Amino acid sequence: MGLLGRGWRLPFEVTLRIVYTSDSQHADTLIYTDQSGRELGLGVVGLGQTLFYPDEGIRLYRSTMNIFMIETIDGEYQLFISK
């Protein structure tokens, strides 16, 4: 639930988080929480890799410096910087 209640999100509530695994056999996965509060598992995205998710209409870029950018089919961009 967002700050404004169920189904409502402010722009700063959209998140992209890395779920770290302690198992060296498995890579870390990404979870994107969109404007409607849905959590989307984006899977594993390597450094310098770009993936397109046709069902969601988004493209995810991960730079070699661990900076993420999501581009929508409408041409909107969201930038996420990893700590």
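The values are calculated or read from the model by the stated rules, or taken from the named source; none is laboratory data. Model, not experiment: these values are computed from the prediction. A quick note on method: Cβ atoms are made from the backbone with ideal geometry, for glycine too, and the neighbour counts reach across all protein chains shown.
Some points to look at:
- Residue tally, condition touching a Leu at 6+ places or on another chain (Cβ under 9 Å) and at positive phi, over the range 46-71: 1
- The range 28-62, residues that are of a type in the set (A, V, I, L, M, F, W, C) and touching a Gly at 6+ places or on another chain (Cβ under 9 Å): Leu30, Ile31, Leu51
- Residue pairs meeting the criteria (Cβ under 6 Å; at least 6 apart or on separate chains; first more than 16 Å from Gln35 (Cα to Cα), in the range 54-83; second among the basic types (Lys, Arg) and surrounded by 13 or more Cβ atoms within 10 Å (Cβ to Cβ)): Phe68/Arg62
- Qualifying strands (runs of 3 or more DSSP E) (wholly inside the range 1-52; at least 2 residues being of a type in the set (Gly, Ala, Ser), modelled with pLDDT of 80 or more and out of contact with any helix residue (DSSP H, G or I) (no Cβ under 8 Å at 6 or more places or on another chain)): 39-43
- Filtered residue count, the range 21-58, keeping only those that are closer than 19 Å to Ser82 by Cβ and among the basic types (Lys, Arg): 0
- The range 29-49: number of residues that are loosely packed, with under 12 Cβ neighbours inside 10 Å and either over 21 Å from Leu10 (Cβ atoms) or of a type in the set (Phe, Trp, Tyr) (or both): 4
- From the options Phe52, Phe68, residue that is over 15 Å from Val19 (Cα atoms), under 13 Å from the mean Cα position of the chain (by Cα) and hydrophobic (A, V, I, L, M, F, W, C): Phe52
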